[in-house]
Amino acid sequence: MCQVDEEYNGQLEHRVTPRVSKKCVKCKENTAVLIIRAGDAFCRGCFKEYFIHKFRAMLGKNRVIFPGEKVLLAVSGGPASSSMLSQVQEGLSRDAPKKLRFVPGIIYIDEGGASGQSMEERERAVAQLESVFRATNYHYHIVHLEQVLSLPSSVLEAGSSATEKPQTGSSYKAAVDQFIQTKKNQHPDFSVENAQSHLSSLSMQKVENGVTSPITPEHTQALQRLFASVRTLTAKEDLLYTLRQHLILHTARTQGYTKVMMGDSCSRLAIKLLSNISLGRGASLATDTGFSDPRYGDVVIVRPMRDYSSKEIAYYNRMFDIPSVFIPGLDTKAQDKASIQHLTESFVTKLQTDFPSTVKAFLLTLKNTKRKMPRVPVHLCERALGMLQGCMRIADVARAINCKTPKIALHGDRTDS
Amino acid sequence: MPVLCSSCAEKRAVLKRPKTAHSLCKECFFWAFEEEVHQTIVSAQLFKHGETVGIGASGGKDSTVLAHVMKVLNERYNYGLKLLLLSVDEGITGYRDDSLETVKRNQQQYELPLKIVSYEELYGWTMDAIVKQVGLKNNCTFCGVFRRQALDRGAMMLKVDKICTGHNADDVAETVLMNVLRGDIARLRRCTAISTASEGEGVVPRCKPLKYAYEKEIVLYAYFKKLDYFSTECIYSPNAYRGHARTFLKDLEAVRPSAIMDVIHSGENLSVREGVKMPVQGTCGRCGYISSQALCKSCVLLEGLNRGLPRLGIGKHHRLHEKILSQQPLTQEEERKLKAVDF
């Protein structure tokens with residue numbers, strides 16, 4: 001059995017391994033160049049078509065973007081938001097069939113002050129991104145995070161929504177008409193054609209872009225003091241997210257944008273969902289990670305990249321040379337257990353390799369939940385405080401017991417959910 | 001300088017509470033733990049005066065602590081309940097037979113009547129025999145479904161009004177996470193309820209008085225009170241999907257101890273969109289137990305085991321229910337799919 005010249009070849013079984021060098025499943029002619037999902041092989045052309053079609057279908061199915069509307073694209077420089085930017089360019093280009101009709105603007109928030117980068121590094125990143133934005137010929141805004149400290153407190157109020165939310169498919173048309181009507185009342189010479197020609201003329205002239213006022217070192221220090229006062233990394237990341245949202249919201253409101261597009265991919269949203277559950281934010285799950293977030297009233301946040309996994313985005317960016325810039329964040333190179341968000345990220349990615357349908361399964365859970373109406377909406381962090389239920393009561397009890405206060409008289413009735 | 005108890009400030013602190021990180025002495029910790037369980041019971045109105053309550057006892061730490069605390073609170077606050085112990089023998093050698101000895105000792109220590117029901121007498125199958133047929137992967141389903149019915153049957157034999165189980169905060173949080181990971185909306189809605197619905201014949205309502213008690217605190221309580229319990233894991237558990245949720249939860253607790261309560265809070269506040277199909281409660285066609293399908297799950301599982309088709313209960317099988325009810329033979333194709341998977 002264990003001799004030197006033993007020949008085993010005849011007895012070994014040959015397993016058929018899935019290979020990339022087979023035919024594309026869609027057109028069945030060209031050879032496939034990549035495999036996505038669970039074994040679907042695509043050739044280059046079909047993959048591009050599939051990718052672009054998904055973006056359009058997402059916008060078309062949900063029908064929240066009105067023609068002629070001003071939409072702010074939140075670009076962080078990472079692969080998903082850069083991909084979103086290129087998709088918008090693709091969709092708005094003249095030769096696209098059934099092209100999208102809205103007026104885009106770009107916003108980039110420079111968070112270097114919070115993550116401890118030096119001024120040179122920040123300027124370098126900003127310069128790289130500016131060259132990308134200039135190539136698109138859209139209006140862009142570069143905002144430094146330090147400015148959030150000088151925002152007026154009116155940013156915390158939820159504005160009234162300008163248009164009625166469309167109830168059924170047929171009233172989308174009614175909503176669009178109403179939107180155009182409102183716009184006409186505000187700007188008498190507004191029309192969809194005008195908006196489109198404005199967009200095309202943007203490519204002719206040099207756009208004056210909003211690079212907001214330069215910041216001083218005192219501002220940066222104030223921001224760093226704010227972040228240093230927060231003790232755990234989990235809370236820091238949370239704070240950063242909230243501040244970023246406020247800044248985007250403020251820019252959108254002052255510049256007249258009514259929609260904001262965020263580049264969260266499917267994997268990123270799954271991680272966000274699970275971290276939100278671990279942080280106790282189950283009540284706002286549907287709006288935090290759903291397609292559209294109408295909590296602010298006059299500005300609606302949409303997430304068109306919701307159905308793309310990080311893998312698809314990475315392949316597309318590489319194959320079609322989409323420029324993206326890597327900017328280190330708060331939790332780059334942190335240990336696994338440094339924060340809840342980071343821990344969730346490593347958990348989900350590991351689980352995804354063992355059970356490939358994990359991410360899809362729990363985004364399905366998400367689709368089936370809805371927003372619980374808050375009794376008292378809390379404006380600061382847009383979280384609904386939720387009803388006083390068992391958990392919170394017990395936490396109060398634990399504290400009370402420990403501080404030797406006289407026993408709290410708890411009501412016998414439970415507020416109904 | 002010794003750390004003093006943060007509650008009474010007289011004695012030295014002997015432990016740090018996992019839930020709140022307060023340093024407490026032994027007596028204050030016992031009092032805090034028992035008081036919290038009492039508040040859980042009172043605010044959720046779990047029991048009425050004069051009821052007979054069966055405590056699901058496995059001999060493990062949760063059920064031992066539950067039995068002890070229920071006895072203490074029953075006397076201290078005059079709940080007026082009649083308590084008894086109910087135990088289930090799944091037939092897992094090296095695990096269950098040892099823990100049953102512990103339960104018998106508990107019966108003598110707490111002076112509570114005890115009833116043991118076994119899978120062998122109820123269904124004709126022990127877990128060891130089931131695992132031999134099914135394999136190592138899906139056997140937790142069988143054990144859980146059979147145990148639920150076994151507890152109910154035992155409770156009806158003893159004419160009990162309510163069953164209480166020792167599920168702790170970690171268990172509930174793990175269940176929430178597991179149901180989110182699997183996309184199981186129907187269960188997600190029900191799993192955070194502290195007690196099950198109580199209408200219907202043949203259904204004994206069950207509740208979880210330890211729902212907000214951390215597992216670590218239960219262990220500390222049992223250790224300091226020197227309670228007698230059995231502490232080995234079930235030999236089949238390492239392969240369960242629940243293990244992933246459990247590891248994640250333990251890591252979360254290491255980062256932020258309040259995460260367990262936060263997960264439960266999130267689970268309680270999730271609400272389901274209208275128009276999502278929810279299962280409706282009916283009765284099983286064969287045994288009359290409650291069920292949301294034509295046949296209850298344990299009848300389906302038993303049928304599969306008896307016919308040598310162990311995969312009958314795993315996966316989707318609604319269309320086969322009518323066939324099973326009317327005793328029709330299954331086609332060749334269906335039989336092939338339902339046979340055990342070869343490892």
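The numbers here are math on the coordinates, done by the rules we state, and not lab data. Since this is a predicted model, take the numbers as computed values, not measurements. Cβ placement follows ideal geometry from the backbone for every residue including glycine, while neighbour counts extend to all protein chains displayed.
A cut-off of 5 Å between modelled amide H atoms, ignoring neighbours fewer than 5 places along the same chain, links B:R206 with B:I163, B:T196. Neighbours of A:R124 by Cβ distance under 14 Å: Lys/Arg scored +1, Asp/Glu scored -1, total -4.
Where only DSSP H runs of four or more residues are counted, chain B gives -14500 deg cm²/dmol as its mean residue ellipticity at 222 nm, each run worth -39500 (n - 2.57).
Given H placed on each backbone N at 1.01 Å, which residues far from B:S291 in sequence or on other chains put an amide H within less than 5 Å of it? Amide H neighbours of B:S291, under 5 Å, 5+ apart: B:G282, B:T283, B:C284.
Karplus-based coupling profile of the stretch A:250-257, in residue order and whole Hz: 5, 4, 4, 5, 6, 9, x, 8, with θ = phi - 60° in 6.51 cos²θ - 1.76 cosθ + 1.60 and x standing for Gly or Pro. Take the Cβ atoms of B:M1 and B:F224, set R0 to 30 Å, and the FRET efficiency comes out at 0.80. In this structure, B:K11 and A:Q89 have a Cβ-Cβ separation that, at R0 = 51 Å, corresponds to a calculated FRET efficiency of about 0.10. Each Lys and Arg Cβ is given +1 and each Asp and Glu Cβ -1; about its Cα centre, chain B then shows a dipole of about 420 debye. Between B:I185, B:I55, B:I41, the GNM of chain B built on Cα springs shorter than 10 angstrom shows B:I185 fluctuating the most.
By the count of neighbouring beta-carbon atoms within 10 Å, fewest first, A:H144, A:H53 end up ordered A:H53, A:H144. If each of A:A228 and A:K333 carries a label point 7 Å out from its Cα toward its Cβ, how far apart are those two points in nm? It is 2.1 nm. For the pair the stretch B:115-144 and the stretch A:222-294, the centres of their Cα atoms are 47 angstrom apart. Measuring nothing but how far apart in sequence close Cα pairs (under 8 Å, 6+ apart) lie, relative to its length, the stretch B:47-269 scores a relative contact order of 25 percent.
For the stretch B:143-222, trypsin sites (Lys or Arg not before Pro) are listed when DSSP marks them as loop and at most 13 other Cβ atoms sit within 10 Å of their Cβ; the list is B:K159.
Summing +1 for each Lys or Arg and -1 for each Asp or Glu among the other residues whose beta-carbon sits under 15 angstrom from that of B:L81 gives +3. If you take the Cα centroid of the stretch B:31-69 and the Cα centroid of the stretch B:148-221, the two points sit 13 Å apart.
Legend: residue pairs B:K19/B:K159; A:K28/A:K350; A:K272/B:K211; A:K350/B:K137, Cα-Cα distance threshold 31 Å; pairs beyond threshold, B:K19/B:K159; A:K28/A:K350. Rg/Rh for chain B to two decimals, with Rh computed the Kirkwood way over all alpha-carbon pairs. Rg/Rh: 0.98. Cβ-to-Cβ counts within 10 Å put A:M261, B:M1 in ascending order as B:M1, A:M261, the fewest first.
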